[in-house]
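The values are calculated or read from the model by the stated rules, or taken from the named source; none is laboratory data. Note that the structure is a prediction, hence the values are computed from the model and not measured. Cβ atoms come from the backbone with ideal geometry, glycine included; neighbour counts cover every protein chain shown.
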Amino acid sequence: MSRCRVLVTRYVYPAALELLRRHTEVDYRDSRDGLARDALTEALRSCAAVVCQLTDRIDADLLDAAPELRLIANVAVGYDNIDVGAATARGIVVTNTPGVLTESTADLAFALLLAVGRRVGEAERWLRAGNWRQWEIDLLCGREVHGATLGILGMGRIGQAVARRARGFAMEVLYHSRRQLPESTERELGARFVTRAELFAAADFVSLHLPLDATTRGSIGAAELRQMKSTACLINTARGGLVDDGALLAALREGTLAGAGLDVFPAEPEVDPGYLELENVVLLPHIGSASVATRTRMCLLAAESVVAWVRGEVVPRQVGVEG
Ligand code: GLV
């Protein structure tokens, strides 16, 4: 019996590959650079499933050139790189990797929050540049994190994990989300539901945990940034497209916003050069979930979705379907 052909578009951790190879015929593109558009189109032509990453843009045109394709397993929790509507319309199942990256992404959001608040990046650059002459009472003083007010926009798994960390820092946690959490969960997290406007106005740190879609793209713009305190900082470990870069840069330059910690950018790996000139931003290359254990689990989860599908089981972690 011929085995199902699965394209793996770029390097994945070996455990996932081993699992896939036990059950499928794998077309593995073991490259760090991923496949260019033409090569991806060509490779997809004869594959029934694809294990892809957030750098692979899978749109309707590409799907039209992939008549055999039935499953797209994205190695990420976000799936804005895939036109899920177009896939669903063609009977193609799309899966993601939720859950396994919650804690490491929340860790990184907190790392950014601490780094921006306490000027960690700036202080380290300053030391490395050989500037340190003596201890000084007002040297590189930053903002207090403990006891500050944290506004969490998007209270899904990762937002909630950030809230749990904030409790350890005695922060007041406000949140806004499409759905208010059950009261028992709010109590457990010590988090209070507020309107978006209240959140922007009250928070010392605003951390974004929203998916990127047509309703959220550019939703943090000049108007929202203006509502924030001039002493506040914005943390983004979700997707760069949520924020209007021009408006954020203007706010940071003009001092109407104190700082930003950014792990994600609208057109990665491009980073607006304006950010590089600012001391009050911490910039990271999209490493929210980047621990070996988490990234391995993400690769495995994507492979497991493929295997479930090959076996004719209900495919777990489908996106774009209700329930
Ligand atoms: C990473 O950004 C992810 O969506 O998993």
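For this structure, a couple of remarks:
- For the stretch 205-221, filtered to residues that are hydroxyl-bearing (S, T, Y) and more than 14 Å from D80 (Cα to Cα), the residue that is surrounded by the fewest Cβ atoms within 10 Å (Cβ to Cβ) is S219.
- Sub-9 Å Cβ pairs linking a first residue in the stretch 126-144 that is outside the structural domain of A232 (by TED's automatic domain parsing) to a second residue that is assigned to a loop (DSSP other than H, G, I, E, B), at least 6 apart or interchain, number zero.
- Cβ-Cβ under 8 Å pairs, at least 6 apart or on other chains, the stretch 56-85 side closer than 30 Å to S104 by Cα, far side modelled with pLDDT under 95 and within 16 Å of the ligand (Cβ to nearest atom): D56/G34; V84/G320; G85/G320
- Being under 19 Å from E304 (Cα atoms) and of a type outside the set (A, V, I, L, M, F, W, C) holds for only one residue in T55, T41, T95, T88, and it is T95.
- The single condition among (1) loosely packed, with under 15 Cβ neighbours inside 10 Å; (2) within 16 Å of the ligand (Cβ to nearest atom); (3) not basic (K, R) that F265 does not meet is (1).
- Some residue of the stretch 239-246 being farther than 18 Å from P211 by Cα, hydrophobic (A, V, I, L, M, F, W, C) and buried (at least 17 other Cβ atoms within 10 Å of the Cβ): no
- Taking the listed residues D107, D64, the one that is at pLDDT 95 or above, over 30 Å from T195 (Cβ atoms) and either within 16 Å of the ligand (Cβ to nearest atom) or out of contact with any Cys (no Cβ under 8 Å at 6 or more places or on another chain) (or both) is D64, with no other qualifying.
- When A73, A87 are checked against the criterion of being farther than 27 Å from A203 by Cβ, small (G, A, S) and away from the ligand (no atom under 16 Å from the Cβ), A87 stands alone in meeting it.
- For the stretch 272-288, a residue qualifies if it is over 22 Å from S230 (Cβ atoms) and away from the ligand (no atom under 16 Å from the Cβ), and the qualifying residues are P273, L276.
Each row is one residue, and each column tells you yes or no for (1) touching a strand residue (DSSP E or B) at 6+ places or on another chain (Cβ under 8 Å); (2) exposed (fewer than 12 other Cβ atoms within 10 Å of the Cβ); (3) farther than 20 Å from I235 by Cβ.
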site: G117; (1), (2), (3): yes, no, no
site: E122; (1), (2), (3): no, no, no
site: L127; (1), (2), (3): no, yes, yes
site: G130; (1), (2), (3): no, yes, yes
site: A148; (1), (2), (3): yes, no, no
site: R165; (1), (2), (3): no, no, no
site: E172; (1), (2), (3): yes, no, no
site: E188; (1), (2), (3): no, no, yes
site: R192; (1), (2), (3): yes, no, no
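- Failed item in (1) under 23 Å from the mean Cα position of the chain (by Cα); (2) over 18 Å from G261 (Cα atoms); (3) assigned to a helix (DSSP H, G or I), with V173 passing the rest: (3)
- Among the candidates L112, L140, residue that is within 16 Å of the ligand (Cβ to nearest atom) and either surrounded by 13 or more Cβ atoms within 10 Å (Cβ to Cβ) or not in a strand (DSSP E or B) (or both): L112
- Of T102, T97, all but one fail to be of a type in the set (S, T, Y), within 21 Å of the chain's Cα centre (by Cα), near the ligand (Cβ under 9 Å from one of its atoms) and under 19 Å from Q160 (Cβ atoms); the exception is T97.
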